[in-house]
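The values are calculated or read from the model by the stated rules, or taken from the named source; none is laboratory data. Nothing here was measured: the structure is a model prediction, and the numbers come from that model. Every residue, glycine as well, gets a Cβ built from its backbone with ideal geometry; the counts of neighbours run over all protein chains shown.
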Amino acid sequence: MKVLVCVKRVPDTGGGFKLTADGMRVDTTNLDFAISPHEECAVEEAIRIVEKHGGNATALTLGPVAAQEQLREAIAKGVNSAVRLEAEDYESWDPAATAQAIAEAVKPMGFDLLLFGNESADTCNYQVGLRVAHLLDLPCVTGIKALEIQDSRAIAKREVKDGWEVYEVALPAVFTVKEGINNPRHPSLRGIMSAKKVPIEQKKLTKQPAQLARKALKKPHEGRQLEILGQGPEAVPKIVAKLRELGAI
Amino acid sequence: MILAILEAQNKALPEASLETATAARDVAQKTNDTLGVLLIGKDVRALAPTLKGIQIVLVAEDQQFNGYVPEAFAKIAAEAIMKKSPKIVLAPGTDWGNDVLARVAARLNLGFASNCTEFFIEHGALKRVTRSNWGGSLLEDLELLSNPQLLTLQPHAVPAKPCEGAAPTIEDLSVPLHDKDFRVRVKAMIPSEKKGISLTDAKVVIGGGRGLGSAEAFTMLEELASLLNNAAVGATRVATNNNWRPHSDQIGQTGAQIAPDLYIACGISGAIQHMVGCKSAKKILAINKDAEAPIFQRADYGVVGDLHQVVPALIAELKQVKGA
Ligand SMILES: Cc1cc2nc3c(=O)[nH]c(=O)nc-3n(C[C@H](O)[C@H](O)[C@H](O)COP(=O)(O)OP(=O)(O)OC[C@H]3O[C@@H](n4cnc5c(N)ncnc54)[C@H](O)[C@@H]3O)c2cc1C
Ligand SMILES: Nc1ncnc2c1ncn2[C@@H]1O[C@H](COP(=O)(O)O)[C@@H](O)[C@H]1O
């Protein structure tokens with residue numbers, strides 16, 4: 001079983017966003033970087049499938065040199081190898097261009113299973129996985145929260161309003177994963193140490209012209225006015241009064 | 001033409017589809033175009049006459065469609081686009097709508113902007129959209145350079161208005177399908193187990209974060225919920241990652257989006273990826289021991305204190321009030 005998992009480097013913004021002066025990007029000064037929780041789960045799923053069925057898992061990112069950090073994290077957890085598609089300007093690659101490059105890079109590699117996040121953490125485009133599947137003419141199920149491999153078939157579950165849709169497709173196939181499919185492991189210290197030595201394959205592909213062009217980022221207004229009800233348990237009478245006012249009791 | 005591709009569920013149009021029809025009608029008015037709707041599914045024809053005020057309803061009904069058949073639906077949608085040459089194609093920004101439009105975009109090699117919240121039209125053309133980034137905690141102004149322009153509408157961005165006006169012209173759309181178009185299809189449906197009030201239906205949601213400290217501490221929140229009207233318990237990603245709660249309880253960007261009358265956040269710092277899941281709550285009450293926690297900038301009411309003291313005291317008080 002050859003498994004691919006695609007991850008995207010994004011800032012871990014925590015308490016709030018700061019934008020750059022031109023309003024085009026999130027100011028990442030002093031921020032850590034991460035991947036989307038959906039992708040963390042895709043990485044975990046790739047590792048579990050290889051642990052169960054044998055083979056190997058490859059992590060891929062299209063991004064800057066610094067994005068090797070995200071690939072090494074995946075390796076530290078148990079992914080076997082990694083590929084970086086060189087793109088210092090990856091934030092200006094639209095989803096079609098990203099998918100085009102990923103498809104071109106992975107086509108000769110012959111994966112049985114290709115895993116993506118359901119949507120990236122920052123731009124939430126909901127499409128790179130499906131576009132790659134289309135370019136490789138592979139079946140794809142999006143937003144799955146369960147996956148099982150049986151011989152050359154995959155059974156995947158997708159949560160809908162009043163239950164679960166169960167899909168069964170022949171491999172090779174593409175799946176986009178949602179958080180909740182598993183609970184990702186933390187890397188071991190040994191994993192972190194040995195991941196530092198694994199060589200990362202670098203590839204440069206051409207960027208097709210963008211169909212989507214960002215003009216600006218902006219913050220939605222939050223508009224809540226804080227009223228402090230008190231300190232510790234002495235606030236309880238005021239909480240009860242508010243609960244009554246809001247019809248909660 | 002402006003074409004809206006609407007999802008039907010159990011022979012009805014869900015809220016997100018009605019919102020999409022409303023937004024499409026508004027866009028068509030501004031661009032001075034006819035408005036078309038495409039319905040795809042097993043029993044969708046009966047819905048067509050209810051779409052008053054829409055000029056043309058294209059119906060692709062097929063008894064072979066047992067549930068969602070992604071590749072067949074995308075093929076039909078692409079065919080409808082080739083046939084009608086719409087300027088703009090709009091679908092709901094739900095799992096269904098984003099899946100259909102991404103497949104259409106891939107097939108026709110077009111750009112696709114998902115989860116739009118606003119449309120800027122000038123001289124009869126769509127110049128720009130605003131769309132959600134980071135699950136809605138940041139917004140992006142974007143230009144779509146390809147034609148037709150493919151978009152989905154962020155749920156709740158536009159309130160649905162009732163369909164009023166003249167009855168639509170109904171056209172059957174028949175697209176030849178092959179085995180390959182059915183290679184991805186639903187093999188079985190498993191109904192979800194009903195257990196109490198769901199997070200999205202609850203009027204009061206009590207959320208627990210790292211400050212809870214353990215799975216056991218959540219029983220305290222369950223008890224509090226049992227003393228309130230229509231209340232359910234949710235959690236942060238820290239709580240679900242620690243296995244204190246199942247992932248289905250997670251509120252936030254990669255969890256549930258809730259809109260209760262009141263959200264009570266206990267031991268939660270207020271990270272944007274969590275808060276974007278509860279930003280539609282009418283009121284937010286935060287209980288946190290750190291007066292500097294970001295949650296206090298995103299709440300209506302604040303209690304600074306140790307939740308392990310505040311919550312039990314609140315429970316005791318409510319029991320007394322209720323007993324009286
Ligand atoms: C792309 C992305 C998506 C994400 N999606 C989600 C999501 O869907 N949902 C989600 O929740 N998170 C999500 N996260 C994670 C998010 O950024 C935060 O890490 C997480 O929400 C923090 O959870 P927390 O508030 O429980 O923990 P912390 O940030 O550690 O905060 C704990 C708080 O509890 C307070 N506290 C501690 N002890 C007590 C006590 N005894 N009494 C009172 N207060 C106490 C502390 O003062 C602190 O403010 C996502 C992150 C990324 C990058
Ligand atoms: N720059 C990138 N590098 C690697 N994978 C990516 C990149 N951008 C998107 N993806 C993958 O595609 C998924 C969907 O992204 P999107 O269509 O942008 O929401 C993500 O969860 C990743 O798995």
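Only one of B:I272, B:I251 is within 12 Å of ligand 1 (Cβ to nearest atom), under 23 Å from B:A157 (Cα atoms) and modelled with pLDDT under 95. Can you tell me which? One residue alone meets the criteria, B:I272. As a summary of the residue check, A:T206 satisfies the conditions (1) of a type in the set (S, T, N, Q); (2) loosely packed, with under 15 Cβ neighbours inside 10 Å; (3) not in a loop (DSSP other than H, G, I, E, B) except for the one numbered (3). I'd like the residue in the range A:9-45 that is buried (at least 23 other Cβ atoms within 10 Å of the Cβ) and farther than 19 Å from B:A271 by Cβ and, out of all such residues, is farthest from ligand 1 (Cβ to nearest atom). Only one residue fits best here, namely A:E45. Filtering the range A:209-236 to residues that are facing chain B (nearest Cβ under 7 Å) and part of a helix (DSSP H, G or I) leaves A:G232, A:P233, A:A235, A:V236. Here are the criteria: (1) of a type outside the set (S, T, Y); (2) touching a residue at least 24 places away in the same chain (Cβ under 8 Å); (3) in a strand (DSSP E or B). Tell me which single one A:P184 does not satisfy. A:P184 satisfies all of (1) of a type outside the set (S, T, Y); (2) touching a residue at least 24 places away in the same chain (Cβ under 8 Å); (3) in a strand (DSSP E or B) except (3). Of the strands (runs of 3 or more DSSP E) lying entirely inside the range A:88-170, the ones with 1 or more residues being away from ligand 2 (no atom under 13 Å from the Cβ) and acidic (D, E) are found at A:140-150, A:153-160, A:163-170.
When you look at B:P312, is it surrounded by fewer than 22 Cβ atoms within 10 Å (Cβ to Cβ) and within 29 Å of the chain's Cα centre (by Cα), yes or no? When the stated conditions are applied, B:P312 does not pass them.
Among the residues of the range B:290-309, those identified as surrounded by fewer than 18 Cβ atoms within 10 Å (Cβ to Cβ), closer than 14 Å to B:G209 by Cβ and more than 9 Å from chain A (Cβ to nearest Cβ) are B:D290, B:H308. When the range B:299-324 is limited to residues that are more than 17 Å from B:G208 (Cβ to Cβ) and charged (D, E, K, R), the one that is nearest to ligand 2 (Cβ to nearest atom) turns out to be B:D300. Applying a threshold of 7 Å to beta carbon distances and a minimum spacing of six or more residues, or different chains, the list of pairs starting in the range B:60-71 at a residue that is within 10 Å of chain A (Cβ to nearest Cβ) and ending at one that is among the aliphatic types (A, V, I, L, M) reads B:G67/B:V186; B:G67/B:M189; B:Y68/B:V186; B:P70/B:V184; B:E71/B:V184. Just to be sure, is B:L145 facing another protein chain (nearest Cβ under 9 Å), over 30 Å from A:P172 (Cβ atoms), surrounded by fewer than 16 Cβ atoms within 10 Å (Cβ to Cβ) and not hydroxyl-bearing (S, T, Y)? Yes, satisfied. Of everything listed in (1) under 22 Å from the mean Cα position of the chain (by Cα); (2) in a loop (DSSP other than H, G, I, E, B), the single unmet condition for B:N147 is (1). Among the residues of the range B:1-22, the ones that are of a type in the set (G, A, S) and either modelled with pLDDT under 95 or surrounded by fewer than 22 Cβ atoms within 10 Å (Cβ to Cβ) (or both) come to 2 in all. All told, B:Q29 falls short of being assigned to a loop (DSSP other than H, G, I, E, B) and polar (S, T, N, Q).
Considered as a group, the residues in the range A:110-148 that are within 13 Å of the chain's Cα centre (by Cα) and among the charged types (D, E, K, R) include one that is farthest from the other protein chains (Cβ to nearest Cβ), and that residue is A:E119. Inspect all residues belonging to the range A:30-46 and state whether any of them is within 14 Å of chain B (Cβ to nearest Cβ), free of Cβ contacts under 8 Å to residues at least 60 places away in the same chain and in a loop (DSSP other than H, G, I, E, B). Yes - at least one qualifying residue is present in the range A:30-46.
Taking the range B:150-215 and the strands (runs of 3 or more DSSP E) fully enclosed by it, the elements with 3 or more residues that are under 22 Å from B:A21 (Cβ atoms) are at B:169-172.
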